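Read through the structure below, which is laid out as structure tokens, and then see the notes.
The values are calculated or read from the model by the stated rules, or taken from the named source; none is laboratory data. Quick caveat: nothing in here was measured; it's all calculated off a predicted structure. With ideal geometry, Cβ positions are generated from the backbone for all residues, glycine too; neighbour counts draw on all protein chains shown.
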Amino acid sequence: MTIIPEFWPSTKKLSETELDQLILEVDNKAEEWADEIRVQSTQTKDQLILLHDLIARRIDYDLAAENHAGCALLKGVTLCQGYAQAYQMIGQKLGHSVEMNSGLGVAFDHTWNLVFLDGSAYHVDLTYDDIYQDEGIPGLVSHRYLFRSDIAMQDTHHWDKP
């Protein structure tokens, strides 16, 4: 995944040098998080779970935040697209097949991820897992929307299926 912050509202007034610096900062933060995961496991599924939990613990859903990976990784706040971009970016740095998917989630435009494990695609929705993450227990991260099949996901999400 390549970051193109020219499209982010907060970057409209930045010079080319400042944009390059921002891209470098986002990329470095993504690599730093990937390095944290690499030392904990070399297994694909384990790394994707560790990444899910790391993002859920470090990034908060905030309606006032910008909706992109830069805001998520550098400020710790974002909306659904920022969660999905951060998960995709770091997942790909770890060498995994991670894509973004979009459609409707509980009647609103929504973005989440698809991961590919052992030849099958699974949905990962960090936004939903972060919003409902601890159910009153600090530090507990929900896995309700981690590695969901199409059948399980279609109860709450709607998207164009190939």
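Condition check ((1) buried (at least 16 other Cβ atoms within 10 Å of the Cβ); (2) touching a Ser or Thr at 6+ places or on another chain (Cβ under 9 Å); (3) closer than 28 Å to Ser10 by Cα) across all residues:
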| site | (1), (2), (3) |
| --- | --- |
| Ala84 | yes, yes, yes |
| Tyr87 | yes, no, yes |
| Lys93 | yes, no, yes |
| Leu126 | yes, no, yes |
| Ser142 | yes, no, no |
| Leu146 | yes, no, no |
| Asp150 | no, no, no |
| Pro162 | no, no, no |
Tally, over region 1-50, of residues that are at pLDDT 95 or above and aromatic (Phe, Trp, Tyr): 1
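Residue under question is Leu73, and the condition is that it be crowded, with 17+ Cβ neighbours inside 10 Å and either modelled with pLDDT under 90 or within 27 Å of Trp159 (Cα to Cα) (or both); does it hold? Write out each step before concluding.
Working: crowded, with 17+ Cβ neighbours inside 10 Å: yes; either modelled with pLDDT under 90 or within 27 Å of Trp159 (Cα to Cα) (or both): yes.
So Leu73 passes the test.
Kindly evaluate Asp53 against the criterion of being on the phi < 0 side of the Ramachandran plot and either β-branched (Val, Ile, Thr) or in contact with a strand residue (DSSP E or B) (Cβ under 8 Å, 6 or more places away or on another chain) (or both). Explain how you work it out, then say what you get.
On the way: on the phi < 0 side of the Ramachandran plot: yes; either β-branched (Val, Ile, Thr) or in contact with a strand residue (DSSP E or B) (Cβ under 8 Å, 6 or more places away or on another chain) (or both): no.
Judged against the criteria, Asp53 is not a match.
How many residues are over 15 Å from the mean Cα position of the chain (by Cα) and either within 23 Å of Ser120 (Cβ to Cβ) or in contact (Cβ under 8 Å) with a residue 24 or more places away in the chain (or both) when one looks only at region 38-64? If you could, list the steps in order and put the result at the bottom.
Initial filter on region 38-64 (over 15 Å from the mean Cα position of the chain (by Cα)): 38-46, 63-64.
Then drop every residue that is not either within 23 Å of Ser120 (Cβ to Cβ) or in contact (Cβ under 8 Å) with a residue 24 or more places away in the chain (or both), which leaves 38, 41-46.
Final tally of qualifying residues: 7.
Results for (1) part of a loop (DSSP other than H, G, I, E, B); (2) within 26 Å of His143 (Cβ to Cβ), shown as yes or no for each residue.
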residue: Leu14; (1), (2): yes, no
residue: Gln21; (1), (2): no, no
residue: Asn28; (1), (2): no, no
residue: Thr42; (1), (2): yes, yes
residue: Ile55; (1), (2): no, yes
residue: Glu66; (1), (2): yes, no
residue: Gln88; (1), (2): no, yes
residue: Gln92; (1), (2): no, yes
residue: Met100; (1), (2): no, yes
